[in-house]
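Scroll down for the structure; my scribbles are underneath it.
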Amino acid sequence: MKKALTWLLTILLLVCVLPAFAAEQEIDKETGLVIATGFEQVKKTCTVCHSPMLITQNKADRDGWLEMIRWMQAKQGLWQLDADTENAILDYLEILQPEPALFPADPFARAKIIELIRHLELDVELVARRALPAAFFGAQISEELKDATQTDLARGMAAVARLIKCDPFIGGAEFTAADLYAFYTFGLARAIVAKVFDADLLEGHGELGELLDRLSERPCIHKVEAAKAA
Ligand code: HEC
């Protein structure tokens, strides 16, 4: 699961462009860039070859921005930047175009989201995975394992149903990593249950079905799905 989650989040961070929220910031009319420390260097260096939109549409952490700069230097003819300029640009990008926040800033809310992900993993994903070889790889499954899986899954779904909010997102008002994880977990578990038990895992959990429908409309999820299919 660690791997799956890391993979999912990596794809999300790479492809998911959450709208930049810059309500009270002063914007440069010419470039659309927020005017802040480092702006001059960014404008001078980073709008020479392409539209500043490429910058405002991307989000990454400092390492991610550095990687893009190194890639442009290796492949796109971006010249060597002196250390001061490079640092000023990275400071600017790190603060104004940060990676999308997938966890709430408040520590308590954050812990709740992590707990929810943990429950999705333990109560649903790992239970459903016991039947994965039978669902997708033609393996035999004993009646005993089948029964146990079904019972534990029903229990797990009930446990998870008590924790989720779906108001409108799984952990509450904000879109978080738990929504991504839920999309992945229920997608996988639902497919397994359909194959092995000829049933709908979400039967009786209408609010979850609606949540997944809402999530599937989000551009983030589209991009994750497209990357998965590629
Ligand atoms: C010498 C020309 C040049 C300069 C200067 C330049 N870039 Fe680029 N950059 C490119 C080219 C070419 C591409 C690829 C454009 C495309 O795919 O349409 C690119 C792509 C990008 C992308 C998109 C990367 C992706 O993964 O899709 C970002 C973000 C970006 N540049 C940011 C910057 C920043 C920040 C700076 C300033 C440090 C900068 N660029 C300066 C040539 C340059």
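The values are calculated or read from the model by the stated rules, or taken from the named source; none is laboratory data. Keep in mind the model is a prediction, meaning the values are calculated, not measured. Neighbour counts run over all protein chains shown; Cβ positions are idealised from the backbone, glycine included.
Observations on the model:
- Yes/no for Ala131 being touching a Lys or Arg at 6+ places or on another chain (Cβ under 6 Å) and more than 30 Å from Pro107 (Cβ to Cβ): no
- Where Gly77 falls short, out of the listed (1) farther than 22 Å from Arg214 by Cβ; (2) touching a residue at least 40 places away in the same chain (Cβ under 8 Å); (3) not in a helix (DSSP H, G or I): (2)
- The stretch 103-123: number of residues that are of a type in the set (A, V, I, L, M, F, W, C), more than 19 Å from the chain's Cα centre (by Cα) and at pLDDT 95 or above: 1
- On inspection, Asp91 passes the criterion of being over 30 Å from Ala182 (Cβ atoms) and either of a type in the set (A, V, I, L, M) or surrounded by 12 or more Cβ atoms within 10 Å (Cβ to Cβ) (or both).
- A single entry from Thr56, Thr47 fulfils the requirement of being over 30 Å from Asp147 (Cβ atoms), modelled with pLDDT under 95 and outside the structural domain of Ile221 (by TED's automatic domain parsing): Thr56.
- Test result for Phe175, within 28 Å of Asn58 (Cα to Cα), of a type in the set (A, V, I, L, M, F, W, C) and in contact with an Asp or Glu (Cβ under 7 Å, 6 or more places away or on another chain): no
- Some residue of the stretch 106-116 being more than 9 Å from the ligand (Cβ to nearest atom), part of a loop (DSSP other than H, G, I, E, B), surrounded by 14 or more Cβ atoms within 10 Å (Cβ to Cβ) and not polar (S, T, N, Q): no
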